[in-house]
Amino acid sequence: MSTALLALIALVQGAFLMMLLVLVGVGRWLGVYRGRRRCKQRERVGHAAQNWLAGGASSKALRRTVDSGSFAAAAEFLTTFGARRGGDEWERLAAEIQQTSWFRTLCRHASSPFWWRRLGAARLLAKLASSDQTAIALALLADPRPPVRVAAAEIVARVPSRELMEELYEFASSTGAVVRGHLLELLAKNRAVLEEMLIERLASDRDRASFTTALELAGQIGVPSLLPVILPYAEAEDLEVRIATARALSSFPHPRSGAALMKLLGDAHWEARAVAASSLGAIGAIEAIDTLRGALEDPSWWVRLRGAVSLRVLGPVGIQVLESVGPEADSYAYDMATYVLRLSDSAVLEFVTRSISSDAAAAADRAA
Amino acid sequence: MEIPLKGPVSHSERQEDAVEQAPTGRARCVRVLVLDDDIGYREIVTAALGRHGAELHWRGTATELFLALEETEPSMLILSRELADSHPLEALRAVRRSPRWSQLSVYFVTDEPDTEFELEAYLSGADAVLDRRRSGAELSARVRGYLLRGKADDPAAERSNQVTRTAARGPEQEASEAGASPPPDLPQLAGTAPRPAEPLASAEGATGVPDVIIVEDDPSLLEMLEYALKNRGLTTHSFTDGVSALQGLREWPVRNAHPVVLLDVDLPGMDGFQILQQLEEFRPNVFRVMLCTIHNSEAAQVLALQTGAVDYLTKPLRMPVLVAKVERLVRALSAPKN
């Protein structure tokens, strides 16, 4: 009895094992088959697109090819092709793809209950969308999943609507430093809309995080019309605002910026002084040589370092000042001057470019 | 040599013809060294540069950069930012430090040009940072411009160009260029900058020619540009409208210098493209024009480069990048030729 039962169990197990092996085999075969089919479809879409771009195929033929294959095949092709091609050639293709039913499916995916479909839609819309998809982009920017929101942010580069920019601005003001930096770069690409938006925000915004974001963006685009708007904030009561203003002024080489920064170099707080010292170097303020020489004797190591680097950045005149600091003067100033003079050009360059971005990141973290 | 042309380039064609008839009897060939491990990009570069008869040399790494430079002796280096085993910015700085290769044209290509990288690349001495996705047409236009300008630097080609220019300008203008003082109707140079102790070896000191001529109608931007450039020890002169700019540039006695012109596109009276075309028509290869504009399209960019601009900057201008580019160009122009 027990032997028969054991034999039965062994037989059943054997059967299950065989079934499992068959299933694995069939699964693999299906995977390879589908992969090959998708690859062929992708190639077909690729050929059709290349032919169309070269003028060898009609728009109708292109649309038919895109619509006849699987959704994934066309999506894969457009993702890889879009990563390699840009400019007017891509724009022509994108305009044609927007006429396909494949694109309408893509737009439907943007409101799918599955987050990965929404993510895929956001990524493709960032390469294909036009102003007709503003509402879809707004919905994706408000998605509960952060990766979908970040992917949707890229759409703003193609659809520079004020509404979308405002939404993205709010998102950037409330997020961490790394994502924020990326989002601000995207915003800065639409100068005309942003300029108008920043002038309004800088006049009315009272939220500190949002206000410092506006100042940072003003610094990123460096549009001259923003200079008179941001200059008064160099004397703001809020330390973070003064620091953000000092940093923003590094993009406005102008005598008035120089004067404001020299004043900030006498600020009670070391961080404001340090950023002002860097910004004076960035705008190449030759008239600030004496003030920067004075910064070498600042009680804060950071202010001394940035003052010395700025003198070095100002060129031969600044280097002469650094070389003239002797050991008989302030010993801290002498140490800093010799340290910075010993740095290679590459090291100074890296310090200058990194300090701008790291300052901005630190300020964003503090404001958040 | 066959160069496909697009847009209003008849003046360039004429210039090319003049160069083709140069006594050397040999077309100049541009040798390009490309450091990139992206196979797909190879097709784009080959298609873009092959049509200009460029000789392409490929390396997948920058570890033996100087060996590759010695072997290939290129006149142009294309560096990928995404090279797997190298620090391309360090490679660029090493090239700039090397006396032999410091004047080499170096272009960066990158998948995603971000502002921090661009700034660092230009401050390190890059001539251009190109977006890999749209660099084919741009590269082609840049190489074409390089060939035309390069030919003008050849003594034989220069003689040939002189014939073309004299015919186009007439004897009065020739006489004006040969004279020692600027025309009386031109305003005095605004270049009274506080120069650094060791100024750039620019043309200004010897000839009274400014390093940079700015044509910009926005007074606040003009003020910023002048401040930024003067603080780097560069002399400047400004025009605020298209008509006076064209008149001034057509008559300015530059002698052997090649002043950099920062030319806005949207100007009252006459737009920047028209000015550039006129300059290329009547004074080819005299000025090094950098167009500054809010128009960001690839077609406008390629048209500008094909018309004769050395660079194309889109607004909002990033001042540190702009100053680095202009300074590098002025230095390159004032450096002694090998």
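The values are calculated or read from the model by the stated rules, or taken from the named source; none is laboratory data. Nothing here was measured: the structure is a model prediction, and the numbers come from that model. No Cβ is skipped: glycine too gets one built from the backbone with ideal geometry, and neighbour counts run over all protein chains shown.
Those residues that are free of Cβ contacts under 8 Å to residues at least 40 places away in the same chain, touching a strand residue (DSSP E or B) at 6+ places or on another chain (Cβ under 6 Å) and farther than 14 Å from B:VAL261 by Cα, I need them from segment B:282-302; list them, please. Reasoning before the result, please.
Of the residues in segment B:282-302, the ones free of Cβ contacts under 8 Å to residues at least 40 places away in the same chain are B:286, B:289-291, B:293-297, B:299-300.
Imposing the further condition that a residue be touching a strand residue (DSSP E or B) at 6+ places or on another chain (Cβ under 6 Å) reduces the set to B:289-291, B:296.
B:ASN296, the sole residue that qualifies.
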Selection over segment A:208-239 where residues are outside any helix (DSSP H, G or I) and within 14 Å of chain B (Cβ to nearest Cβ) yields a count of 2
Among residues of segment A:293-335, those that are touching a helix residue (DSSP H, G or I) at 6+ places or on another chain (Cβ under 8 Å), within 11 Å of chain B (Cβ to nearest Cβ) and assigned to a loop (DSSP other than H, G, I, E, B), counted: 1
For the list (1) closer than 23 Å to B:ARG96 by Cβ; (2) within 14 Å of chain B (Cβ to nearest Cβ); (3) modelled with pLDDT of 90 or more, I need the number of the one condition that A:ALA347 fails. (3)
Positions within segment B:310-338 being more than 13 Å from chain A (Cβ to nearest Cβ), in contact (Cβ under 8 Å) with a residue 40 or more places away in the chain and surrounded by fewer than 22 Cβ atoms within 10 Å (Cβ to Cβ), in sequence order: B:ARG328, B:LEU329, B:ALA332, B:LEU333, B:SER334, B:ALA335, B:LYS337, B:ASN338
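Just checking, which of A:SER279, A:SER251 is polar (S, T, N, Q), within 12 Å of chain B (Cβ to nearest Cβ) and within 28 Å of A:THR338 (Cα to Cα)? Even if it seems obvious, please write down each step before you answer.
Details: A:SER251 fails: within 28 Å of A:THR338 (Cα to Cα).
Answer to the check: A:SER279.
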Please pick out the residue among A:LEU21, A:LEU53, A:LEU17 that is surrounded by 10 or more Cβ atoms within 10 Å (Cβ to Cβ), over 20 Å from A:PHE71 (Cβ atoms) and touching a Leu at 6+ places or on another chain (Cβ under 8 Å). A:LEU53
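Name the single residue, out of those in segment B:208-244 being in a loop (DSSP other than H, G, I, E, B) and within 9 Å of another protein chain (Cβ to nearest Cβ), that is farthest from A:SER251 (Cα to Cα). Outline the logic, then answer.
If we filter segment B:208-244 for residues that are in a loop (DSSP other than H, G, I, E, B), which is where we start, we get B:208-211, B:216-218, B:232-235, B:240-241.
Add one more test, that the residue is within 9 Å of another protein chain (Cβ to nearest Cβ), and what stays is B:218, B:232-233.
Working: B:ASP218: 17, B:ARG232: 15, B:GLY233: 19 Å.
The residue in question is B:GLY233.
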Say we look at segment B:133-155 and pick out the residues that are touching an Asp or Glu at 6+ places or on another chain (Cβ under 8 Å) and at pLDDT 75 or above; which of these is farthest from B:GLY308 (Cα to Cα)? B:ARG133
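Conditions tested, residue by residue: (1) touching an Asp or Glu at 6+ places or on another chain (Cβ under 9 Å); (2) on the phi > 0 side of the Ramachandran plot; (3) in contact (Cβ under 8 Å) with a residue 24 or more places away in the chain.
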| residue | (1), (2), (3) |
| --- | --- |
| B:VAL260 | yes, no, yes |
| B:PHE273 | no, no, yes |
| B:GLU280 | no, no, yes |
| B:ALA304 | yes, no, yes |
| B:GLY308 | yes, yes, yes |
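Please work out if A:THR338 is away from chain B (no Cβ under 14 Å) and within 29 Å of B:LEU225 (Cα to Cα). Let's see the steps before the verdict.
On the way: away from chain B (no Cβ under 14 Å): yes; within 29 Å of B:LEU225 (Cα to Cα): no.
No.
Only one residue in A:ARG208, A:ARG145, A:ARG149 is at negative phi and at pLDDT below 85. Which one? Even if it seems obvious, please write down each step before you answer.
Details: A:ARG145 fails: at pLDDT below 85; A:ARG149 fails: at pLDDT below 85.
None of the other options fit; the residue is A:ARG208.
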Would you check if there is a residue in segment B:259-274 being closer than 30 Å to A:GLU91 by Cα, within 12 Å of another protein chain (Cβ to nearest Cβ) and under 15 Å from the mean Cα position of the chain (by Cα)? no
If you scan segment A:235-294, which residues turn out to be free of Cβ contacts under 8 Å to residues at least 24 places away in the same chain and among the hydrophobic types (A, V, I, L, M, F, W, C)? A:ALA236, A:ALA259, A:ALA268
So is B:ASP271 within 25 Å of B:TRP252 (Cα to Cα), surrounded by fewer than 23 Cβ atoms within 10 Å (Cβ to Cβ), touching a Gly at 6+ places or on another chain (Cβ under 9 Å) and among the acidic types (Asp, Glu) or not? yes
Counting only residues that are without any contact (Cβ under 8 Å) to a residue 12 or more places away in the chain and more than 17 Å from B:LEU279 (Cα to Cα), which one in segment B:203-258 is surrounded by the fewest Cβ atoms within 10 Å (Cβ to Cβ)? B:ALA206
Selection within segment A:51-94 - over 16 Å from A:GLN41 (Cβ atoms), free of Cβ contacts under 8 Å to residues at least 40 places away in the same chain and more than 14 Å from chain B (Cβ to nearest Cβ): A:GLY55, A:GLY56, A:ALA57, A:SER58, A:LYS60
Options B:GLU43, B:GLU73, B:GLU112; residue that is surrounded by fewer than 19 Cβ atoms within 10 Å (Cβ to Cβ), within 12 Å of chain A (Cβ to nearest Cβ), out of contact with any helix residue (DSSP H, G or I) (no Cβ under 8 Å at 6 or more places or on another chain) and farther than 27 Å from B:LEU313 by Cβ: B:GLU43
Would you pick out the residues in segment A:197-219 that are touching an Asp or Glu at 6+ places or on another chain (Cβ under 9 Å), surrounded by fewer than 22 Cβ atoms within 10 Å (Cβ to Cβ) and without any contact (Cβ under 8 Å) to a residue 40 or more places away in the chain? A:MET197
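Determine whether segment A:249-267 contains at least one residue that is in a loop (DSSP other than H, G, I, E, B) and within 26 Å of the chain's Cα centre (by Cα).
Keep residues of segment A:249-267 that are in a loop (DSSP other than H, G, I, E, B), which gives A:252-254, A:265-267.
Cutting the leftovers down to within 26 Å of the chain's Cα centre (by Cα) gives us A:252-253.
Yes: segment A:249-267 contains one or more residues that are in a loop (DSSP other than H, G, I, E, B) and within 26 Å of the chain's Cα centre (by Cα).
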Please verify whether segment A:285-292 includes one or more residues that are more than 31 Å from the chain's Cα centre (by Cα), buried (at least 23 other Cβ atoms within 10 Å of the Cβ), more than 12 Å from every other protein chain (Cβ to nearest Cβ) and not in a helix (DSSP H, G or I). no
Using the structure shown, decide if B:GLU298 is among the acidic types (Asp, Glu) and within 30 Å of A:GLY281 (Cα to Cα). no
